[in-house]
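Notes for the one structure printed next.
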Amino acid sequence: MQPGKRLLDKVAIISGGASGIGAETGRVFALHGAAVVLCDVQDDLGHAVAKEITDAGGVAEYHTLDVCNEAQWIALVAATEQKYGKVNVLGNIAGISGRPAGMTVQTGNIAGMELAEQSLESWNRIMAVNATGVFLGTKSVIPAMQRAGGGSIINISSICGIIGSFANAAYHASKGAVRIFSKSAAVQYAKDQIRVNSVHPGFVDTPMARPGLLGNESGKARMEATPLGRFGKPIDIAMGCLYLASDESAWVTGSELVIDGGLVAK
Ligand SMILES: NC(=O)c1ccc[n+]([C@@H]2O[C@H](COP(=O)([O-])OP(=O)(O)OC[C@H]3O[C@@H](n4cnc5c(N)ncnc54)[C@H](O)[C@@H]3O)[C@@H](O)[C@H]2O)c1
């Protein structure tokens with residue numbers, strides 16, 4: 001490994017690569033020498049992130065992919081393998097909060113998305129993107145990683161996959177599913193040197209989380225709950241993903257990397 005470049009010769013697919021944590025992870029991976037295949041459903045943003053990376057001298061491209069669509073996953077993995085010869089890393093980063101557009105975010109202990117009022121449709125959608133999407137991405141990439149002699153799959157869960165709260169039980173359930181799914185996949189594919197780990201961000205300032213962080217009571221409570229005294233930035237999470245993608249974490253699988261400013265420590 002060349003000092004300074006921690007992902008030389010790696011090929012990485014990143015879902016949710018058009019925005020927030022996924023976009024930042026793409027930038028960091030490319031900076032460290034990986035060829036990066038970003039995918040998302042926000043095409044303009046995704047193309048812009050890929051262009052930003054290539055303009056800076058990195059290797060990146062963007063593809064439209066709905067993480068709930070198995071055929072699209074299979075096609076993307078095949079195209080990546082055909083073009084770059086292999087797939088070493090998958091970042092399953094796409095996700096949704098499931099909060100209806102325009103809904104006032106919770107104030108204090110009032111969730112705004114109470115369990116007894118949540119529709120089955122909303123539950124199913126949150127589970128489909130956040131949990132089933134991770135299953136489909138993982139499933140689709142495993143044969144390519146077996147051919148490559150191993151790989152690293154990084155599944156973005158959340159602190160919400162470890163603890164409960166007043167809000168959005170479906171989101172918590174979907175992230176809890178990602179956490180334990182990752183451990184099962186890690187055990188199953190250790191024989192192939194495919195490592196699978198989950199990452200658990202706390203409150204990170206991204207387009208998804210911002211309505212619950214800035215300028216309201218909910219943000220105040222969340223800031224107070226974060227011992228390090230600031231919200232996360234996408235780079236805080238991307239650096240954890242960089243470690244898990246690199247060979248530095250060669251003996252790390254089935255683990256949970258909590259990056260939350262200390263929130264779940266208390
Ligand atoms: N921001 C936080 O505070 C926080 C905390 C814990 C976990 N997370 C998780 O981090 C991940 C990234 O979220 P973010 O905060 O960067 O938000 P974000 O909204 O900036 O990024 C999420 C991306 O996922 C994409 N996406 C949504 N549905 C998709 C689908 N069906 N197919 C493909 N792409 C889809 C969106 O278009 C978006 O670009 C999510 O899994 C989220 O649950 C975020």
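The values are calculated or read from the model by the stated rules, or taken from the named source; none is laboratory data. What you are looking at is a predicted structure, and each value in this text was computed from that prediction instead of being measured. Note that we place each Cβ from the backbone using ideal geometry, even for glycine, and neighbour counts take in every protein chain shown.
Things worth noting here:
- Across segment 226-255, the qualifying residues are those that are of a type in the set (A, V, I, L, M) and either at pLDDT below 95 or away from the ligand (no atom under 15 Å from the Cβ) (or both), and the one among them that is surrounded by the most Cβ atoms within 10 Å (Cβ to Cβ) is Ala245.
- Pairs are defined by a Cβ separation below 7 Å, a sequence spacing of at least 6 or placement on different chains, a first member in segment 24-48 that is more than 13 Å from Ala94 (Cα to Cα), and a second member that is among the polar types (S, T, N, Q) and surrounded by fewer than 22 Cβ atoms within 10 Å (Cβ to Cβ); the pairs so defined are Asp43/Thr64; Leu45/Ser19.
- The residues of segment 82-124 that are part of a loop (DSSP other than H, G, I, E, B), modelled with pLDDT under 90, more than 22 Å from the chain's Cα centre (by Cα) and among the small types (Gly, Ala, Ser), listed by number, are Gly102, Gly108, Ala111, Gly112.
- Any hit, segment 119-139, residues being in contact with a Leu (Cβ under 8 Å, 6 or more places away or on another chain), surrounded by 21 or more Cβ atoms within 10 Å (Cβ to Cβ), under 15 Å from Gln193 (Cβ atoms) and in contact (Cβ under 8 Å) with a residue 60 or more places away in the chain: no
- Selected residue [at pLDDT 95 or above, under 24 Å from Gly85 (Cβ atoms), near the ligand (Cβ under 10 Å from one of its atoms) and of a type in the set (Gly, Ala, Ser)] from Gly22, Gly16, Gly26, Gly33: Gly22
- Residue count for segment 233-266, restricted to those that are touching a helix residue (DSSP H, G or I) at 6+ places or on another chain (Cβ under 9 Å), outside any helix (DSSP H, G or I), within 18 Å of Ile159 (Cβ to Cβ) and among the small types (Gly, Ala, Ser): 2
- Scan of segment 149-160 for residues that are more than 18 Å from Leu136 (Cα to Cα) and either buried (at least 20 other Cβ atoms within 10 Å of the Cβ) or within 16 Å of the ligand (Cβ to nearest atom) (or both), ordered by number: Ser158, Ile159, Cys160
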